[in-house]
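The values are calculated or read from the model by the stated rules, or taken from the named source; none is laboratory data. The structure displayed is predicted, hence computed values, not measured ones. Here the Cβ is made from the backbone with ideal geometry for all residues, glycine too, and neighbour counts use every protein chain on show.
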Amino acid sequence: MQIWVVCEAEGEGLRRAVRELAAQARRVGGENVEVTAVAVGDEAGPAEALQGTVHRLLKVEGPAGYAADPWVDALARVLGDQAPDLVLWPEGPRTRDVLPRVAARLGWNAVTNALALEAGDGGLRLLRPVCGGKAYQWLGLTGRRVLAAFRPNSFDPETQADLTTRVETVSVEPAAQRAEVLERTGQESERVPLTEAQVVVSGGRGLKGPENLRLLEELADALGGAVGVSRAVVDAGWADHAIQVGKSGKTVSPALYVAVGISGAVHHTMGMDTSKVVVAINSDPNAPIFRYADYGVVGDALQVLPALTRAIREART
Amino acid sequence: MNIAVLVKEVPDLEARVQVTGDGSGLEVEPKRVLNFFDEIAVEAALQLKQAAGGRVVAVGMGLEALRRALAMGADAAVRLEDPALEGADPLTVARALAAAVAKEGFDLVLAGKQGTDTEAGLVGPMVAEVLGVPCVTGVVGCEVEDGSLVVTREADGRETLRVPLPALLTAEKGWYEPRVPQVMGLMKAMRAQIPAVSLADLGVEAVEPLPSQGFQGPRSRPEVRMIQGEPEEAAAELVRLLRDEARVI
Ligand SMILES: Cc1cc2nc3c(=O)[nH]c(=O)nc-3n(C[C@H](O)[C@H](O)[C@H](O)COP(=O)(O)OP(=O)(O)OC[C@H]3O[C@@H](n4cnc5c(N)ncnc54)[C@H](O)[C@@H]3O)c2cc1C
Ligand SMILES: Nc1ncnc2c1ncn2[C@@H]1O[C@H](COP(=O)(O)O)[C@@H](O)[C@H]1O
């Protein structure tokens with residue numbers, strides 16, 4: 001069986017989500033799997049980080065920096081030619097642009113937002129949410145060609161570097177980009193991206209005002225995590241929609257999610273319910289968020305947050 | 001400008017959802033609504049029409065969603081109706097939508113960023129690909145300028161792009177606040193004739209969907225452990241638990 005993993009860089013390195021997928025491909029593929037990491041254009045450098053953990057590294061030369069049209073074209077050609085069984089992609093804005101269009105070009109099945117991949121009795125299967133995460137569905141993958149995108153933090157990225165990776169190169173002359181970028185403003189934050197972070201500290205209206213978002217940031221920095229907010233905070237203009245967690249914002253799945261002054265409306269919890277460990281801090285002992293939490297503290301966020309930040313810093317030194 | 005909006009009908013976010021006893025199916029309370037992001041797309045279409053003139057046609061499968069789009073002010077609606085669309089693969093849906101849109105004629109197609117049901121975000125860009133037009137996802141702003149569009153999108157920061165028409169855009173939260181239909185609109189929507197087309201009418205070939213291997217509910221968490229004490233004490237105890245018990249820090 002041929003399983004491919006689509007590489008995506010982050011800064012100078014490779015996205016952790018890509019390492020997770022490569023590790024999981026080997027885990028579920030067993031003896032007969034050949035895992036190929038496919039890296040388009042400039043992603044080839046960072047993809048070297050997978051040396052020893054995949055059977056093959058396939059560099060696709062042609063497109064340089066990322067642009068949707070040439071990427072779709074290049075990937076559709078290479079996938080069409082080599083016809084792997086399953087292609088794993090890290091969830092993210094780029095995958096959301098490219099994956100559906102490649103699937104449409106090739107006539108293959110496509111799934112996004114998946115959160116588990118395992119070998120069952122009937123071969124490989126994946127799990128994806130339905131009804132906004134109120135239930136989950138297993139889909140069988142055997143005997144098909146499938147493009148599937150998985151949420152970051154779905155798998156353990158650790159694997160043995162015990163393979164001899166063949167490095168191959170293909171060249172394509174991809175289609176031109178049609179939409180022209182006039183301006184780009186990156187994320188100002190120095191912190192880890194929200195959807196990728198192992199720790200997310202989120203605040204809600206219980207923080208009382210934009211000036212107190214600083215308390216969240218301090219805790220997030222102490223934990224090496226990212227900051228999120230509820231929609232109420234975005235609607236009040238205290239923070240940008242880019243860091244909103246929930247149904248109409250981002251879905252996160254960190255190892256630790258801390259919800260501070262957030263009531264726990266279903267629209268919010270739908271975006272964080274797959275977090276491994278959840279801590280809720282709220283002044284109302286009956287707040288619904290406690291039903292989604294492993295640990296709860298009843299108290300004033302403005303007092304508990306600084307105390308927690310201090311305690312974390314102490315524990316870390 | 002001829003604008004087609006792709007409208008998906010989804011279960012209300014508040015609808016009760018239960019996995020059947022044997023895990024093979026789902027019981028979903030039959031409360032159906034127009035998808036959250038598609039409401040934004042309909043609003044954007046109406047705003048663009050106001051600025052540039054033209055016509056807004058809603059295209060979709062569910063009557064509830066199509067009537068809502070009409071009530072908001074869409075000029076017409078086209079319904080895809082075919083047993084083969086029940087539980088269809090997203091690519092089948094996209095091919096059908098693309099064919100229906102092409103038949104209507106269009107300069108611009110708007111879709112939602114994703115459905116609130118599977119949060120897949122597949123169908124919009126697939127339709128763009130089938131139609132052979134450029135696609136911009138996660139749009140939060142759009143102006144018409146000399147026959148092309150200047151579009152702002154949200155994706156790991158912000159991007160402004162110039163996009164030639166025809167094109168397809170998917171709507172992100174923050175583009176517009178969707179209007180609430182007025183009584184007149186609701187009455188017009190109730191009376192509207194909505195023509196139905198089938199996959200055969202459109203000459204669409206279905207893609208076999210991936211087989212379902214059963215459903216499960218969300219993971220149930222153990223009962224929450226409440227940590228008592230003054231802020232300093234509670235914080236110290238919490239840190240101890242996160243380190244020694246949960247092992248996440
Ligand atoms: C279609 C739709 C989509 C939506 N999408 C999202 C989404 O993506 N994300 C999202 O978050 N919401 C979303 N919402 C909104 C959601 O329903 C809630 O309104 C929102 O999550 C509430 O935000 P909140 O918890 O910050 O505010 P509130 O509900 O006002 O809760 C504030 C909480 O803070 C507590 N509090 C008050 N003072 C203190 C204090 N001093 N210390 C500690 N705690 C305190 C209160 O007890 C309360 O529990 C959506 C709604 C709809 C209809
Ligand atoms: N059955 C459908 N009818 C009309 N539009 C749809 C349908 N399914 C998906 N769409 C459009 O495609 C977008 C993304 O849907 P999805 O791929 O299901 O997340 C939606 O916001 C709609 O604009």
>> If I filter the range B:140-174 down to residues being charged (D, E, K, R) and not in a strand (DSSP E or B), which single residue comes out as modelled with the lowest pLDDT?
In response: B:ASP156
> Among the candidates B:GLU145, B:GLU172, which residue alone is more than 7 Å from chain A (Cβ to nearest Cβ), of a type in the set (Asp, Glu) and touching a residue at least 60 places away in the same chain (Cβ under 8 Å)?
Replying inline: B:GLU172
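Considering the range A:299-317 alone, what residues qualify as being within 17 Å of A:GLY206 (Cα to Cα) and facing chain B (nearest Cβ under 7 Å)?
Within the range A:299-317, the first condition is being within 17 Å of A:GLY206 (Cα to Cα), and the residues that meet it are A:299-308.
Once the filter is applied, which keeps residues that are within 17 Å of A:GLY206 (Cα to Cα) and facing chain B (nearest Cβ under 7 Å), the range A:299-317 yields A:GLY299, A:GLN303, A:VAL304, A:ALA307, A:LEU308.
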> Can you pull out the residues in the range A:143-173 that are touching a strand residue (DSSP E or B) at 6+ places or on another chain (Cβ under 8 Å), in a loop (DSSP other than H, G, I, E, B) and surrounded by 11 or more Cβ atoms within 10 Å (Cβ to Cβ)?
Replying inline: A:ARG144, A:ARG145, A:ARG151, A:PRO152, A:SER154, A:PHE155, A:THR165, A:VAL172
> Residues of the range B:4-32 being within 16 Å of ligand 1 (Cβ to nearest atom), hydrophobic (A, V, I, L, M, F, W, C) and more than 12 Å from every other protein chain (Cβ to nearest Cβ), which ones?
Replying inline: B:VAL7
> Any idea how many residues of the range B:107-128 are over 20 Å from B:ASP12 (Cα atoms) and either modelled with pLDDT under 95 or surrounded by fewer than 24 Cβ atoms within 10 Å (Cβ to Cβ) (or both)?
Replying inline: 1
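Looking for whichever is facing another protein chain (nearest Cβ under 7 Å) and without any contact (Cβ under 8 Å) to a residue 40 or more places away in the chain here; the options are A:GLY123, A:GLY107. Which one fits?
Matching residue, one of A:GLY123, A:GLY107: A:GLY107.
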> Among (1) touching a helix residue (DSSP H, G or I) at 6+ places or on another chain (Cβ under 9 Å); (2) buried (at least 17 other Cβ atoms within 10 Å of the Cβ), where does A:LEU126 come up short?
Replying inline: (1)
>> Scan the range A:268-281 and tell me whether some residue there is more than 23 Å from the chain's Cα centre (by Cα), more than 10 Å from ligand 1 (Cβ to nearest atom) and either farther than 22 Å from B:LEU242 by Cβ or surrounded by fewer than 22 Cβ atoms within 10 Å (Cβ to Cβ) (or both).
In response: no
> Going by the structure shown, is B:THR137 of a type in the set (S, T, N, Q), buried (at least 24 other Cβ atoms within 10 Å of the Cβ), more than 8 Å from chain A (Cβ to nearest Cβ) and part of a strand (DSSP E or B)?
Replying inline: no
> Could you count how many residues in the range A:103-118 are more than 15 Å from ligand 2 (Cβ to nearest atom) and either under 12 Å from A:LEU79 (Cβ atoms) or at pLDDT below 95 (or both)?
Replying inline: 4
> What single numbered condition from (1) part of a helix (DSSP H, G or I); (2) more than 9 Å from chain A (Cβ to nearest Cβ); (3) within 16 Å of the chain's Cα centre (by Cα) fails to hold for B:ALA102?
Replying inline: (3)
>> Just checking, does the range A:161-177 include any residue being within 20 Å of the chain's Cα centre (by Cα) and more than 10 Å from every other protein chain (Cβ to nearest Cβ)?
In response: no
>> Among the numbered criteria (1) at the interface with another protein chain (Cβ under 8 Å from one of its Cβ atoms); (2) part of a helix (DSSP H, G or I), which one does B:PHE215 miss?
In response: (2)
>> Quick check on the range A:92-104: of everything there that is surrounded by fewer than 24 Cβ atoms within 10 Å (Cβ to Cβ) and part of a helix (DSSP H, G or I), which residue is nearest to the other protein chains (Cβ to nearest Cβ)?
In response: A:PRO93
>> What pairs come out if I take residues in the range A:271-290 that are facing chain B (nearest Cβ under 9 Å) and pair them with residues that are within 16 Å of ligand 2 (Cβ to nearest atom) and outside any loop (DSSP other than H, G, I, E, B) whose C-beta lies under 8 Å away, six or more apart or interchain?
In response: A:ASP273/A:GLY133; A:THR274/A:GLY133
>> Out of everything in the range B:148-169 that is under 28 Å from A:TRP108 (Cβ atoms) and more than 9 Å from chain A (Cβ to nearest Cβ), what residue ends up being nearest to the chain's Cα centre (by Cα)?
In response: B:LEU169
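Over 27 Å from B:PRO222 (Cβ atoms), within 16 Å of ligand 2 (Cβ to nearest atom) and facing chain B (nearest Cβ under 7 Å) - does that describe any residue in the range A:231-244? Explain how you work it out, then say what you get.
Initial filter on the range A:231-244 (over 27 Å from B:PRO222 (Cβ atoms)): A:231-244.
Remaining after also requiring within 16 Å of ligand 2 (Cβ to nearest atom): none.
No, the conditions are met nowhere in the range A:231-244.
Could you tell me whether the range A:21-36 includes any residue that is basic (Lys, Arg), touching a strand residue (DSSP E or B) at 6+ places or on another chain (Cβ under 8 Å) and closer than 23 Å to A:ARG128 by Cβ? Give the derivation first.
If we filter the range A:21-36 for residues that are basic (Lys, Arg), which is where we start, we get A:26-27.
After this cut, where a residue has to be touching a strand residue (DSSP E or B) at 6+ places or on another chain (Cβ under 8 Å) as well, the list is A:26.
Narrowing the set further to residues that are closer than 23 Å to A:ARG128 by Cβ leaves A:26.
Yes, the range A:21-36 contains a residue that is basic (Lys, Arg), touching a strand residue (DSSP E or B) at 6+ places or on another chain (Cβ under 8 Å) and closer than 23 Å to A:ARG128 by Cβ.
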> Got a sec? Which strands (runs of 3 or more DSSP E) wholly within the range B:1-82 have at least 1 residues that are within 11 Å of ligand 2 (Cβ to nearest atom)?
Replying inline: B:2-7, B:9-11, B:32-34, B:55-60, B:76-80
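Just to check your reading of the model, which residue among A:GLU61, A:GLU8, A:GLU43 is at pLDDT 95 or above and either surrounded by 23 or more Cβ atoms within 10 Å (Cβ to Cβ) or out of contact with any helix residue (DSSP H, G or I) (no Cβ under 8 Å at 6 or more places or on another chain) (or both)? So that I can check it myself, show each step before the final result.
On the way: A:GLU61 fails: either surrounded by 23 or more Cβ atoms within 10 Å (Cβ to Cβ) or out of contact with any helix residue (DSSP H, G or I) (no Cβ under 8 Å at 6 or more places or on another chain) (or both); A:GLU8 fails: either surrounded by 23 or more Cβ atoms within 10 Å (Cβ to Cβ) or out of contact with any helix residue (DSSP H, G or I) (no Cβ under 8 Å at 6 or more places or on another chain) (or both).
Being at pLDDT 95 or above and either surrounded by 23 or more Cβ atoms within 10 Å (Cβ to Cβ) or out of contact with any helix residue (DSSP H, G or I) (no Cβ under 8 Å at 6 or more places or on another chain) (or both) holds for just one of A:GLU61, A:GLU8, A:GLU43, which is A:GLU43.
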> Just a yes or no: is a residue in the range A:190-198 crowded, with 21+ Cβ neighbours inside 10 Å, more than 8 Å from chain B (Cβ to nearest Cβ) and either within 16 Å of ligand 1 (Cβ to nearest atom) or among the polar types (S, T, N, Q) (or both)?
Replying inline: yes
> Which of the residues that make up the range A:282-297 are crowded, with 19+ Cβ neighbours inside 10 Å and either more than 6 Å from ligand 1 (Cβ to nearest atom) or modelled with pLDDT under 95 (or both)?
Replying inline: A:ILE289, A:PHE290, A:TYR292, A:ALA293, A:ASP294, A:TYR295, A:GLY296, A:VAL297
>> Condition first: among the basic types (Lys, Arg) and away from ligand 2 (no atom under 11 Å from the Cβ). Can you find one or more residues in the range B:104-125 that meet it?
In response: no
>> Out of the residues in the range A:80-90 meeting the condition of being within 14 Å of chain B (Cβ to nearest Cβ) and not in a strand (DSSP E or B), tell me which one is nearest to A:VAL40 (Cα to Cα).
In response: A:GLY80
